[in-house]
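The values are calculated or read from the model by the stated rules, or taken from the named source; none is laboratory data. In this text the structure is predicted, and so the values were computed from the model without any measurement. Ideal geometry is used to build each Cβ from the backbone, glycine not excepted, and the neighbour counts take in all protein chains shown. The area values use the complete protein model at the heavy-atom level, side chains included, leaving out ligands, DNA and RNA. Shrake-Rupley method; radii C 1.70, N 1.55, O 1.52, S 1.80 Å.
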Amino acid sequence: MLNNITYEYYDSVDSTNDRIKERAHSNQAGGLVISAGTQTAGKGRIGRKWESPKHDSIATSMLLRPEDISLEAIPTITVVAAMAVRDALYRIYGLDGKIKWPNDIVVDGKKICGILTEMEIKDGKVWYVVVGIGVNVHNRTFDEEIAFKATSVDLELEKIGAQKAHRKDLTKAIWESFKKYYNIFITTQDMSGLKMEYESNLANIGKRVRIEAQEDSYEAVAKGITDKGELIVEVDGEEKIIRTGEVSVRGIYGYV
Ligand code: BT5
């Protein structure tokens, strides 16, 4: 169970995930959150970059030390974290974000948040997990390559005539929501207690999606998720389970 959350903040780090890893190696207990004003080497999945310009966005990571967790349950933590971000944005700002499986939150068709879960194994067991969350908050412009697909909390709040966001409040709200969902997840180590709520906020659901797998790429219709948090798609009348990889949703980030 996740009980106490403690917070540390730094003006600038390489990657908040890497700072958590360092602490994990020096026996830090779970529940530590490290946030930073900017990251000089923010990471996305599979070696991609995550932009977190100075004081415009949230870069925050939590250390988890789940006991007796199976290796296959770890990717599900990303799915749980996505629920938490969506919940926090809705709870404190009324923003109706959708989850683009597995690790993006989108608002009005654009990416507002990305999540990167990493872990380390020791003696054949999960030693620790780090969940990293990046949220665009005050950003008004983005690098050319992502400008078409990125948005921020302030840009979305402006559309509904609401006040600006506050990074510290939002960071705390995200981790409080995470605690709520994670503690439901960890009792069963799966999504059985969260699936219904998850699916009601899934951007992919009922939509045509493009699966970019390593071996091939094909179109399908997203149906929902399994108890393990994997995506269920239908292709030529048959159900398939997608465990990882890229899933583009028609109408989101330009997939037409
Ligand atoms: C992600 O990867 O979306 C995971 C991002 C995780 C960032 C957090 S910040 C705190 C912690 N510390 C870290 O070092 N990382 C975590 P992926 O699904 O692979 O998406 C990466 C892609 O998103 C990039 O290739 C860009 O196309 C796009 N991107 C980069 N920065 C972005 C931004 N600020 N807003 C929207 N899209 C962005």
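Structural remarks
- With kT/(6 pi eta Rh) evaluated at 10 °C and eta = 1.306 mPa s, and Rh the Kirkwood radius from Cα pairs, the range 178-256 diffuses with a coefficient of 119 µm²/s according to Stokes-Einstein.
- When the pairs K43/K159; K54/K164; K98/K195 are compared against a 22 Å limit on Cα-Cα distance, K43/K159 fall above it.
- Potential extension, E176-K125 segment - 0.36 nm per residue separation minus Cα distance: 15.7 nm
- Under 5 Å, built H, 5+ apart or other chain: amide partners of A213: Y218
- As a length-normalised measure over Cα pairs under 8 Å and 6 or more apart, the relative contact order of the range 178-256 settles at 24 percent.
- Interchain or long-range residues, amide H under 5 Å from K43's placed H: W50
- Percentage relative contact order, the range 1-143, counting C-alpha pairs under 8 Å, at least six apart: 24 percent
- Spacing of the two label points (7 Å from each Cα toward its C-beta) at V221 and R48, in nm: 2.7 nm
- Contact order relative to length of the chain, as percent, for alpha carbon pairs under 8 angstrom and 6 or more apart: 17 percent
- The chain - share of DSSP beta bridges that are antiparallel (%, nearest 5): 85 percent
- Per-q log10 I(q)/I(0), the range 12-70, q = 0.15, 0.23, 0.29 Å⁻¹ (Debye; single scatterer per alpha-carbon; no solvent): -0.47, -0.91, -1.14
- Based on the convex hull around the alpha carbon atoms, the range 1-158 presents an average projected area of 9.4 nm².
- Taking amide H as placed 1.01 Å from N in the peptide plane, the amide H of M191 sits under 5 Å from that of K228, G229, each at least 5 places away or on another chain.
- Sites K159 and S192 - FRET efficiency at Förster radius 35 Å, r taken between beta-carbons, to 0.05: 0.45
- Per residue, in Å², the accessible surface of the range 1-160 once ligands and nucleic acids are set aside, probe 1.4 Å: 44 Å²
- Our note on the geometry: Cα centres of the range 30-88 and the range 141-211, 12 Å apart.
- Solvent-accessible area, 1.4 Å probe, carbon plus sulfur percent, for the chain: 49 percent
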